[in-house]
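Novice: Sharing a structure, written as structure tokens. Questions coming.
The values are calculated or read from the model by the stated rules, or taken from the named source; none is laboratory data. No experiment lies behind these values; they were computed from the predicted model shown. Heads up, the Cβs are rebuilt from the backbone with ideal geometry, glycines too, and the neighbour counts pull from every protein chain shown. Note: accessible area is taken over every heavy atom of the protein model, side chains too, but ligands, DNA and RNA are not part of it. Shrake-Rupley method; radii C 1.70, N 1.55, O 1.52, S 1.80 Å.
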Amino acid sequence: MIKKLLILLICIIPFHALCQDNLKLWYKKPAKVWTDALPIGNGRLGAMVFGGVKRELIQLNEATLWTGGPVRTNVNPDAYANLLLAREALFKEDDYAKAYNYAKKMQGYYSESYLPLGDLIITQDLKDTIPSSYYRDLNIRDAISTTRYTINGTTYTRQVISSAPDQVIVIHLTASKAGQLNFKVGASSLLKYHTVAVSANEIALKGKAPAHAQPNYIDSANPITYDDSAGCKGMRFELQVKALSKDGRISADTSGITVKNATDVTIFLSAAASFNGFDKCPVSEGKDENKIATQYLNKASIKSWPALLTRHYADYHHYFNRLSFKLATPADNTNAKLPTDERLISYTKGAKDPELETLYFQYGRYLLISSSRTSGVPANLQGIWNKELRPPWSSNYTTNINVQMNYWPAEVANLSEMHMPFIDFIKNVAVTGKITAKEFYHAKGWALHHNSDIWALSNPVGDKGNGDPTWANWTMGSPWLSQHLWWHYQFTKDKKYLKEVAYPIMKSAAEFCEDWLVEDKDGYLVTAPSVSPENAFFDDKGKRASVSIATTMDMSIIRDLFTNVIDASNELGEDKVFRDTIIAKKAKLYPFHIGKKGNLQEWYKDWEDPEPHHRHVSHLFGLFPGNQISPVNTPELTAAAKKTLELRGDEGTGWSLAWKINFWARLLDGNHSYKMLKDLLRATNVAGTNYSGGGGSYINLFDAHPPFQIDGNFGGVSGMAEMLLQSQNNEIQLLPALPDAWATGEISGLKARGNFEVSMNWKNKKITTASILAVVGGKCVIRSNEPLKITGMRVISKKTTNGYVTSFNTKKGLKYNITGAKS
Ligand code: FUC
């Protein structure tokens, strides 16, 4: 009764998220493999908590710990001559194989790799090892992981947080009976290191990162090198571990910290690397990692566990509690009562469980808050969680879909601040990208290719000729990343940011595009060489090829940038001369084509696909994340986009499934989006790399590419948001793609462009009540499936062929309450 009253009370106070009470991943057994373990993170320090009984493993990461050093000599002086030759082969000879070979000669070096920091191992001195009860969870409402088990009548509890305000990971251990905690804490790393005993209760692991690691897909006799004769590359790092207890005895030596006869122990983990910015040598110009880690440790370790928790909760709730999402749940939702591993498996077999879907949504928000808070260091392919020395695809920033997908939900899911590390990264890559544009292509502006890293690498990769141009020579990084600069403005309406940060970088990307575009024989502006990531075609002679002219993706991305640059310069009321040139060039861009199968053509010509079900669906960029194709504005292209998706099929790796949720939402087909969501949520335990049929989710709800890749988690959140709210066409569309399975529900705290905060309740697929908070004011246009009333205003909902349109002016800071006109 008291518990019920408490929940009721909590629900009345304005933190709606507290009412969403399904916010836990929990299990009845410890993690066996890494993708069973539970992620925590403060945006810089990450950990995977295994929840072991006798032996606990907490695998650690630090977001800035990468191989390598600044990109200083990564220029290929032969690139420009080969660019001219590639163009000649394409335009004069239609020789795609020749163009492919010239493209290889335009490459620079590979990117660096994101690294694991180390393992913390707690070995408990226990006579029995089989507990009479066992429980572990990750509570994403509070960002805390708990492991609890009972052995020989004593209950042991371990809680772990990664605190952003205190910049440490804290492990709090208790025993229900006095003096029962006896354990040893040790730390190790896959990198070069040595351990020192700092004091009677503290050890430190001092290490060094490699100067270079070859990507894991490159066969190399010597893939990891530590030496750098220039004394620049290969950062230093330090992990400090300190244990405190009120009653136990603690001692430390280089093998670890030993705790005896304690009842309550707090372990503090502090870590730092010498990374000092993308353009500084981490060795000779590096930060003092010892000083930074020591300062954090000293400040945190004088605080009590309750005080640390209070500060951690306040920080985390500030972001997480902005959004709450509930769906009507069947009265007997037995699936929701299962531990998460069994729950996911039975959901995969067909059990209905809307609460698992809303949990998945909030888990994605949790992961973004936990992995994206370090300036200039956005979430990489694995967020901040990686255990491998040579991780898949270097766990780097892959820019032909992956890093952008990480940030699709940032604005709409009300985590605009978490977008900033990516925006700061774009500022860095716009600096190195200027050198790449000039040195490789004799072009203005900045260029970026399909891979980058913490050093803001921007060149085409491939170790000068070893990369496959199908991915390595994709040149559209700068215009695509610029989309995020514009989105942040659209959602915040922050003009100062637009003027000082976004517009100059967007303009510089447009200048690169101007120089990169060439005229074809019909006078269209086209890109060449051009690829459609990472797909191929059969050319007119039936030969398989991949490097050609003006792929639909290239043209769509440039069209997107040009439109945004025009809009941005209009918003700022400046740069008219440049705007007019871009308007003129935009009109000459090679247009969309509908192919003989009724699909949106992927290539310059209507070529056949050797892999019709390829995981990339790059030619639909204009549908999502772009806004060039929509049922309201371009019905014919929309039909072609739909056909394309049908031909591509529903299968795909994790991120591909996630992308398709977004596509179908933009086609306003909620049931198909929902089908893709269910596919993304299907349980998988595939450990290695598997492109065919393995996409889904591991039991810790990490996205399975396979292997684990975090983009699908974030793309999934974005897709679910797109099903409920869209705002890409200067209007807010409420419930555009609601599936039958979500007929009744409520969401509060979604964001729409124009800086509107939207909440909605719906029943039987119809809005009952909604509200729009005009954070900055301005005109608001709503598109809805039924006519609407706005409390205290006389507005008319105009019937159109695509729902009803209601327009009104808003005042800054006011909330507008909406009801369905018929309700
Ligand atoms: C692209 C994709 C792969 C993978 C890699 C990180 O190359 O085609 O599937 O996601 O990035």
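Novice: At each listed q (0.16, 0.18, 0.22 Å⁻¹), what is the log10 of I(q)/I(0) that the Debye formula gives for region 185-278 modelled as equal alpha-carbon point scatterers?
Specialist: Log10 I(q)/I(0), no solvent term: -0.74, -0.84, -1.04.
Novice: Here is a further query. Under the √(5λ) rule applied to the eigenvalues of the Cα gyration tensor, what semi-axes describe the equivalent ellipsoid of the chain? Give them in Å, descending. Before the final figure, lay out the partial values.
Specialist: Values: eigenvalues 367, 243, 112 Å².
Calculated on Cα positions only, the semi-axes equal 43, 35, 24 Å.
Novice: Run through region 591-669 and list the trypsin sites (Lys or Arg not before Pro) located in a DSSP loop whose Cβ has at most 12 other Cβ atoms within 10 Å.
Specialist: Of the trypsin sites (Lys or Arg not before Pro), the ones in loops of region 591-669 whose Cβ has at most 12 other Cβ atoms within 10 Å are 596.
Novice: Loop sites only, by DSSP: take the chymotrypsin sites (Phe, Trp or Tyr not before Pro) in the chain that have at most 15 other C-beta atoms within 10 Å and name the longest stretch containing none of them. It would help to have the intermediate numbers written out before the result.
Specialist: Values: sites that count: 15, 217, 226, 691.
The longest uninterrupted stretch comes out as 227-690.
Novice: For region 34-116, compute the orientation-averaged projected area of the C-alpha convex hull (one quarter of its surface), in nm². Could you put the intermediate results ahead of the total?
Specialist: Working: hull surface 36.6 nm².
Result: a mean projected hull area of 9.2 nm².
Novice: Next question, about the same structure. If you roll a 1.4 angstrom probe over the protein chains with everything in place, what fraction of the accessible area of region 338-401 belongs to carbon and sulfur, to the nearest %? If you can, show how the numbers build up before the last one.
Specialist: Values: 790 of 1440 Å².
Ligands and nucleic acids excluded, carbon and sulfur give 55 percent.
Novice: Based on the alpha-carbon set only, what is the convex hull volume of region 499-566 divided per residue, in Å³?
Specialist: With only Cα atoms used, region 499-566 gives 89 Å³ per residue.
Novice: Which residue, 620, 316, 460, has the largest displacement toward the positive end of the dipole of the chain when charges sit on each Cβ (Lys, Arg +1; Asp, Glu -1)?
Specialist: Positive-most Cα among the choices belongs to 316.
Novice: Summing +1 for each Lys or Arg and -1 for each Asp or Glu, what net charge is found among the other residues whose Cβ lies under 13 Å from the Cβ of residue 85?
Specialist: On the way: positive: 87, 92, 98, 104, 105; negative: 78, 88, 93, 95.
Once all neighbours under 13 Å are counted, the net charge is +1.
Novice: Let me ask something else about it. Please state, to two decimals, what the Cα-based radius of gyration of region 132-289 comes to when divided by 2.2 N^0.38 Å (N = residues). Can you show the working numbers first?
Specialist: Details: Rg = 19.4 Å, N = 158, 2.2 N^0.38 = 15.1 Å.
Computed over Cα atoms of region 132-289, the ratio equals 1.29.
Novice: For region 453-500, which whole-number percentage of the solvent-accessible area (1.4 Å probe, protein heavy atoms only) is attributable to carbon and sulfur atoms?
Specialist: C and S atoms contribute 43 percent here.
Novice: Dipole of region 520-600, Cα-centred, from +1 at each Lys and Arg C-beta and -1 at each Asp and Glu C-beta, to the nearest 20 debye?
Specialist: Dipole about the Cα centre, nearest 20: 460 debye.
Novice: Now, a different point. Where in region 246-303 are there trypsin sites (Lys or Arg not before Pro) that are in a DSSP coil and have at most 10 other Cβ atoms within 10 angstrom of their Cβ?
Specialist: Details: sites: 246, 249, 260, 280, 287, 291, 299, 303; in loops: 246, 280, 287, 303.
Of the trypsin sites (Lys or Arg not before Pro), the ones in loops of region 246-303 whose Cβ has at most 10 other Cβ atoms within 10 Å are 246.
Novice: Among the lysines, which fall within straight-line cross-link reach of residue 541, defined as a Cα-Cα distance under 24 Å, with same-chain neighbours fewer than 8 residues apart omitted?
Specialist: Cα-Cα hits under 24 Å: 92, 98, 104, 521, 596, 597, 605.
Novice: Run the simple label-point estimate for residue 132 and residue 692 please: 7 Å along Cα→C-beta, distance reported in nm.
Specialist: Spacing of the two 7 Å Cα→Cβ label points: 5.2 nm.
Novice: Taking the Cα centre of the chain as origin, sum charge times position over the Cβ atoms of Lys and Arg (+1) and Asp and Glu (-1), and report the length of that vector in debye to the nearest 20.
Specialist: On the way: 94 positive and 80 negative charges, 506 e Å.
Here the size comes out at about 2420 debye.
Novice: Label-point separation (nm) for residue 424 and residue 765, each offset 7 Å from Cα along Cα-to-Cβ?
Specialist: Output for this residue pair reads 4.6 nm.
Novice: Also: For the chain, which span is the longest to avoid every loop-located (per DSSP) member of GluC sites (Glu not before Pro) having at most 14 other Cβ atoms inside 10 Å?
Specialist: Within the chain, the longest run free of exposed GluC sites (Glu not before Pro) spans 286-573.
Novice: Taking the Cβ of residue 144 as the center, what net charge do the other residues with Cβ under 15 Å away carry, scoring Lys and Arg +1 and Asp and Glu -1? If you can, show how the numbers build up before the last one.
Specialist: On the way: positive: 24, 136, 141, 148, 158, 311; negative: 137, 142, 166, 315.
Summing Lys/Arg as +1 and Asp/Glu as -1 gives +2.
Novice: While we're looking at this one, here's another question. Quick one: Cα centre-to-centre distance for region 408-487 and region 258-301, in angstrom?
Specialist: 31 Å
Novice: Along Cα→Cβ, 7 Å out, is where each label goes; now give me the distance between the ones at residue 494 and residue 636 in nm to one decimal.
Specialist: 4.2 nm
Novice: Whole number in Å², please: accessible area per residue of region 212-361, 1.4 Å probe, ligands, DNA and RNA not counted.
Specialist: Counting only protein heavy atoms, the per-residue value for region 212-361 is 45 Å².
Novice: Among DSSP bridges having both ends in the chain, what percentage is antiparallel? Round to the nearest 5. Mind showing how you got there, number by number?
Specialist: Details: 141 of 145 bridges.
Once the DSSP bridges in the chain are tallied, antiparallel ones form about 95 percent.
Novice: Rounded to the nearest percent, how much of the accessible area of region 660-802 (1.4 Å probe, protein heavy atoms only) is carbon and sulfur? Let's see the in-between values first.
Specialist: Working: 2270 of 4720 Å².
Within region 660-802, the accessible surface is 48 percent carbon and sulfur.
Novice: Per residue, how much space in cubic angstrom lies within the convex hull of the C-alpha atoms of region 486-608?
Specialist: Working: hull volume 14.6 nm³, N = 123.
Once divided by residue count, the hull of region 486-608 is 119 Å³.
Novice: Of the options 661, 432, 266, report the single residue whose Cα projects farthest towards the positive end of the charge dipole of the chain (beta-carbon charges: Lys, Arg +1; Asp, Glu -1).
Specialist: In the chain, that residue is 266.
Novice: Just from its helices, what would the mean residue ellipticity at 222 nm be for the chain, if runs of 4 or more DSSP H residues each count -39500 (n - 2.57) and the sum is divided by every residue, rounded to the nearest 500 deg cm²/dmol? Walk me through the intermediate numbers first.
Specialist: Values: 19 runs with 245 residues, N = 823.
My calculation for the chain gives -9500 deg cm²/dmol from helical runs alone.
Novice: Let me ask something else. Could you pull out the pairs from 763/789; 444/507; 105/588 whose alpha carbons sit more than 18 Å apart here?
Specialist: Numbers: 763/789 16 Å; 444/507 11 Å; 105/588 30 Å.
Over 18 Å apart, Cα to Cα: 105/588.
Novice: Enter the Cα centre distance for the pair region 185-240 and region 642-683, rounded to the nearest angstrom.
Specialist: 41 Å
Novice: At 1.4 Å probe size, with every protein chain present, just tell me what the per residue accessible area of region 482-534 comes to in Å².
Specialist: It amounts to 32 Å² per residue over region 482-534.
Novice: What lysines could a cross-link reach from residue 192, if we take a straight Cα to Cα line under 23 Å and drop same-chain neighbours fewer than 8 places away?
Specialist: 184, 206, 208, 233, 242, 280, 287, 291, 387
Novice: Still on this structure, I have one more. With every protein chain present, what is the per residue accessible area of region 114-162 (1.4 Å probe, Å²)?
Specialist: On the way: 1650 Å² over 49 residues.
Here the per-residue accessible area is 34 Å².
Novice: When the C-alpha atoms of region 260-401 are aligned to their principal axes, what extent does each axis show, in angstrom, from largest down?
Specialist: So the three principal-axis extents are 61, 50, 34 Å.
Novice: Find out how many positive minus negative residues lie around residue 303, taking Lys and Arg as positive, Asp and Glu as negative, among other residues whose Cβ is under 11 Å from that of residue 303.
Specialist: Values: positive: 299, 311; negative: 166.
Neighbourhood net charge equals +1.
Novice: Length gain on complete extension for the stretch residue 796 to residue 97, per 0.36 nm per residue less the alpha carbon to alpha carbon distance? Could you put the intermediate results ahead of the total?
Specialist: Numbers: separation 699, 0.36 × 699 = 251.64 nm, distance 5.96 nm.
Using 0.36 nm per residue and subtracting the Cα-Cα distance, I get 245.7 nm.
Novice: Which ³J(HN,Hα) values in Hz, rounded to whole numbers, follow from the phi angles of region 562-568 under the Karplus curve 6.51 cos²θ - 1.76 cosθ + 1.60, where θ = phi - 60° and Gly and Pro get x?
Specialist: Calculated HN-Hα couplings, in order: 4, 4, 5, 5, 4, 4, 5 Hz.
Novice: Only Lys, Arg, Asp and Glu count, each charged at its Cβ (+1, +1, -1, -1), so figure out the dipole size of region 624-775 about its Cα centre, rounded to 20 debye.
Specialist: Values: 13 positive and 13 negative charges, 39 e Å.
So the magnitude is around 180 debye.
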